Amino acid sequence: MNVMSAPPRSDAPIRRPGRSRSRAELVIDAVLLLAVLAAIVLALTTHRFATVANAKAILTSASLVGIAALGLTLITIGGSAVSLAISPSVAAVGMIFLSAQSFGLVPALALAVLCGILITGVQGAIVGYAAANPVVLTIAASFAITGIATGVSGGSTVSPTGGGYDRLNATPGGVALSVYVLIGLALIVQWTLRRTGFGRSLYLIGENRRAARAAGLPVGRTTAVAWLAAGALFAVTAAFTAAFNTSANVNLGGTLTFDAIAAVLAGGTPIAGGRGSALRTLAGAVLIAAASDILLLRGSSTGVQILVKGVIVLVVVVLVHLRTEGSRA
Amino acid sequence: MKPPSFRRPEASLPVAALVLTIIAFVLIPTYTDTALSSFDVYNTLQIFARLGLLTLALGLTMIAGEFDLSVVGTYALGGMLTVQAGQQHWAWGLLAALGAGAAVGLLQGGLIARLKIPSMPVTLATYIALLGLTSALSGGLTKTYANVTVTLWVDQPVLTYFSPRSLITLGLFAAAAAVLSLSRWGRELRAIGGDRRAGRVAGVRVDRLIVGTFAASGVLSALGGSLLSFSLGSANPDPGVQPLIVAAAAALLGGVSLAGGRGHPLGLLGGILAVALLAEIVAVAAVPQYVSQLFFAGLLGIIVVIDAPDLHSALVRQRTRLRPSHHPRTSI
């Protein structure tokens, strides 16, 4: 579908350069600034928000979604829109991780990452080499993964075959291990995107696939590698999620697919690709976790938290779009 | 738009899917111990009624080259409003649902058309927000609908095979087909889906058409949710992603292209009927759920790979290399 994978619409009206553009940008910046100020005031007036314990809680809840969202960032920047198969991949890899615990923690982790790479990498190869529509392909993949996982496990819940997984639940320095992993991986992904040839070609492919091909870039291979890396990151999320739940079934992924997409979009990475960064995604994940936390502390229901998450994503999508269109014209 | 010739994929795909599933359906007694009864046909049409409007809603936006992920959110909200506002009289619930659907559609269509934002992120955000809103309205609980008369009415058998619910759904498909075939909207919808710029140059009022399409999509999904709530006598705040996936599969089987600009409501009807028949076969033959999931996955996978542009051009290149006299353009 052209809207999902194509470069920005070519029918955008030609904007007059100069004053009108900068005024539009000023308005957007003012709106953003007011929103941030309002959020800070709301946060500080919320009882128990500005405490160390609460900051840890926000980071912990952001970490699992954040790691998966880093993987999705690679997919989105490379111009393949989104994967809708994150939850089932995480569930399947989580089940593999727990059932491989008898081999020890490190082999189980290696196996999980390998399976994650394989599951998502196959989809990436089809998207990269054949330019298949990623959204529909991953819808099909989510069916296939859930179907196979249900068939193999007989629909039952997998229990760990060893205790090694519990080391992933460690809290060095009082902060969950997954938070350190999230920050470390975010820095690695950011460095890869900005400083390596792979990262730079990924941006170009996302910005303009045809131009990238004309320039002789290996479009198929670069896209496939981005998905492989995403699969590895999904597998890390899966290991942490499975270790946290101490059991895994086909529903382990929960709403992770949409949470990860929300984090990427809330960070300001446009879905059309070619822009964005790992640090933005990190900020998006923390923003959503913080907003949910404020609402939770103020006693709002789960429904209201999800509603606000959707509204945040919508507002950021609109603002980012207006800004990029403004600066592009 | 005229109903397309049978050579073209938008007609051949749904016809092939429908014929295959009908054959498989008729042959049920040969591979299971159960004989077919008129109830199986009735039941197929009930499955069709459950997902038909969702498919039509999603399919219409896909013809226009957009993708409305929020249909399931509107579906859930419509169902919940029907139950919560319609406890006194069913009409109030229905009105609330349709009004909300129209409002959601107008808002999304307005944003997408005026600001020229891709529809995926917008409708995804709306989808999340609508699920949250539905859950907030119901406190996250399934709400029951006390008006048993309505529940009995929508599902009573009519002419053995039909129910008011499936007849309403069929009627809306027929209405959509008539409107798009007889007015210029059908042509215009495909024009902006195929090439938006060319459509605009040809004098199509693109913005209005997009807003209208999303409004229609919102109303249809909300009505689908309403009918489901009437039928079940309850509303569930979270229908999951399954309805969206099945509706997308049905729309693609119905001959809608992922690139937009192709498709017809009658094709969509064929696609969703094929999916409903398949679901009924799975139910009658007592095949495990995961097998039917794998089947859908395979089906969608094949469609998406066949539709993949780079694969297509690689094949065309291959063919032109083998037969130099062949002109590549004619093979598309």
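The values are calculated or read from the model by the stated rules, or taken from the named source; none is laboratory data. Not measured: the values here are computed from a predicted model. Backbone-built Cβ (ideal geometry, glycine too); neighbour counts: all protein chains shown.
Could you please tell me which pairs satisfy a Cβ distance under 6 Å, a separation of 6+ or placement on different chains, a first residue in the stretch A:277-304 that is over 16 Å from A:Leu44 (Cβ atoms), and a second residue that is of a type in the set (Phe, Trp, Tyr)?
The qualifying pairs do not exist here.
If we keep just the residues of the stretch A:247-280 that are in a helix (DSSP H, G or I) and touching a Ser or Thr at 6+ places or on another chain (Cβ under 8 Å), which is nearest to the other protein chains (Cβ to nearest Cβ)?
A:Thr257
I'd like to check which helices (runs of 4 or more DSSP H) are fully inside the stretch B:1-95 and have at least 2 residues that are within 19 Å of the chain's Cα centre (by Cα) and under 30 Å from B:Arg205 (Cβ atoms).
Of the helices (runs of 4 or more DSSP H) lying wholly inside the stretch B:1-95, those with at least 2 residues that are within 19 Å of the chain's Cα centre (by Cα) and under 30 Å from B:Arg205 (Cβ atoms) span B:9-26, B:38-63, B:71-85.
Quick one: which residue in A:Ile117, A:Ile77, A:Ile148 is in contact with a Lys or Arg (Cβ under 8 Å, 6 or more places away or on another chain) and either away from chain B (no Cβ under 14 Å) or surrounded by fewer than 24 Cβ atoms within 10 Å (Cβ to Cβ) (or both)?
A:Ile77
When you scan the stretch B:297-313, how many residues do you find that are more than 16 Å from B:Ile245 (Cβ to Cβ), facing chain A (nearest Cβ under 8 Å) and in a helix (DSSP H, G or I)?
5
So, in the stretch B:109-145, of the ones that are more than 8 Å from every other protein chain (Cβ to nearest Cβ) and of a type in the set (Gly, Ala, Ser), which residue ends up nearest to the chain's Cα centre (by Cα)?
Within the stretch B:109-145, the match that is nearest to the chain's Cα centre (by Cα) is B:Gly109.
Residue check: is B:Val316 of a type outside the set (S, T, N, Q) and at pLDDT below 80?
Spelling it out, B:Val316 is indeed of a type outside the set (S, T, N, Q) and at pLDDT below 80.
Picking from A:Ala131, A:Ala125, which residue would you name as being surrounded by fewer than 20 Cβ atoms within 10 Å (Cβ to Cβ), among the aliphatic types (A, V, I, L, M) and within 21 Å of A:Ala272 (Cα to Cα)?
One residue alone meets the criteria, A:Ala125.
Of A:Gly206, A:Gly197, which residue is over 18 Å from A:Ala91 (Cα atoms), surrounded by fewer than 21 Cβ atoms within 10 Å (Cβ to Cβ) and of a type in the set (Gly, Ala, Ser)?
A:Gly197
Of all the helices (runs of 4 or more DSSP H) wholly in the stretch A:115-228, which have at least 3 residues that are within 19 Å of the chain's Cα centre (by Cα) and within 21 Å of A:Gly71 (Cβ to Cβ)?
A:134-153, A:177-195, A:197-207
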